[in-house]
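Take a look at the structure set out below.
The values are calculated or read from the model by the stated rules, or taken from the named source; none is laboratory data. Fair warning: this is a prediction, and the values are worked out from it, not measured in the lab. Please note: Cβ atoms are built from the backbone with ideal geometry, for glycine as well, and neighbour counts cover all protein chains shown.
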Amino acid sequence: MSSASLESLLLRAEGLLSRLEAVLPQPLAAPDWQASVAFRYRKRAGRGLLEPVRHVGLIRLADLREVDGQKERLLRNTEQFVAGRSANNVLLTGARGTGKSSLIRACLHEFAPQGLRLIEVDKADLVDLPDLVELVAGRPERFIVYCDDLSFDEGEPGYKALKSILDGSVAAATPNVLIYATSNRRHLLPEYMRDNLSYKHTEDGEVHPGEVVEEKISLSERFGLWISFYPFSQQEYLAIVEQWLRNLGVPEEALPAARQASLVWALERGSRSGRVAYQFAKDFAGRAVSPAAAPAAPAVSAEVPEGLDHV
């Protein structure tokens, strides 16, 4: 074989190897840890990447109203974690729009100066959770792996990966990592009427869950701390509306005009949640730039409209 032919063959081999390297799985690379206090794990062309969040949607603990009990429990757990003491993985469950995700972001804002960092992971990428945990194991910071709106369908691969990381893997849990997840349902797998057929009844009347039911509750049980959120009453909703209006710079004299308008807003949305209160406050504050520009209160009555307490 001539030298020219050999050189051509080597060039083709190098080109083939380059193309193969581009599609083969690559080890997870560390990001610039100084670029942000929050990171997102994303898949790009089959490769996992940790991307710094350039504009973190931070929120203060004082901005969250009517969830004092939930706030106290999550704050205590996070404080223990940041201080290097024992703390639990947390599952925040309950009504939509009641502040589950906001409370986690508020804890990040509170403890970021002490070294707390957050990594957001989609449930579809939870299969790569062991790689993430290994990557941050030697870091001095404390990491919350955050999964929002967590729930699984039957057979999803991320379910088993999360279950093992929480409590069940041969490897010990990394002390600088906790899992914080939010969900609208406590049992993270769908439950069907047919699951009840696997229940067993003994002669003395004792009821034993079957294997199907045991499997469906086993994941949520591996979270050491459950924090439940509940729908807001009308008065709680109004208090949250006023809090956000003040936060957005609406003057005190304009707040009475917002009361009935906020109730109608909630009625139209079919929900009295913190999210709905914030959306109303943004709309109202955008129009009520001054007391003179604030929408006038309805002239029909100063009383709360009949039936709105049951939105």
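Worth a mention:
- Candidates Val145, Val133 - the one that is touching a strand residue (DSSP E or B) at 6+ places or on another chain (Cβ under 6 Å), part of a strand (DSSP E or B) and at pLDDT 75 or above: Val145
- Any hit, the stretch 73-80, residues being among the acidic types (Asp, Glu), out of contact with any His (no Cβ under 9 Å at 6 or more places or on another chain), assigned by TED's automatic domain parsing to the domain that holds Glu134 and buried (at least 20 other Cβ atoms within 10 Å of the Cβ): no
- Output for the stretch 58-75, where each listed residue is farther than 20 Å from Glu141 by Cβ and either in a loop (DSSP other than H, G, I, E, B) or without any contact (Cβ under 8 Å) to a residue 12 or more places away in the chain (or both): Ile59, Arg60, Ala62, Leu64, Arg65, Glu66, Val67, Asp68, Gly69, Glu72
- Test: Ala87 is among the aliphatic types (A, V, I, L, M) and either in a helix (DSSP H, G or I) or in contact with a His (Cβ under 6 Å, 6 or more places away or on another chain) (or both): no
- Residue count, the stretch 148-184 (criterion: modelled with pLDDT under 85 and either not assigned by TED's automatic domain parsing to the domain that holds Arg76 or not in a loop (DSSP other than H, G, I, E, B) (or both)): 12
- Candidate set from the stretch 29-50 (those that are in a strand (DSSP E or B) and surrounded by 15 or more Cβ atoms within 10 Å (Cβ to Cβ)); member that is farthest from the chain's Cα centre (by Cα): Arg47
- Filtered by the rule that a residue be out of contact with any Leu (no Cβ under 6 Å at 6 or more places or on another chain) and buried (at least 20 other Cβ atoms within 10 Å of the Cβ), the stretch 134-145 gives Val136, Phe143, Val145.
- Within the stretch 206-225, the presence of at least one residue that is surrounded by 14 or more Cβ atoms within 10 Å (Cβ to Cβ), at pLDDT 85 or above and closer than 26 Å to Arg73 by Cβ is confirmed.
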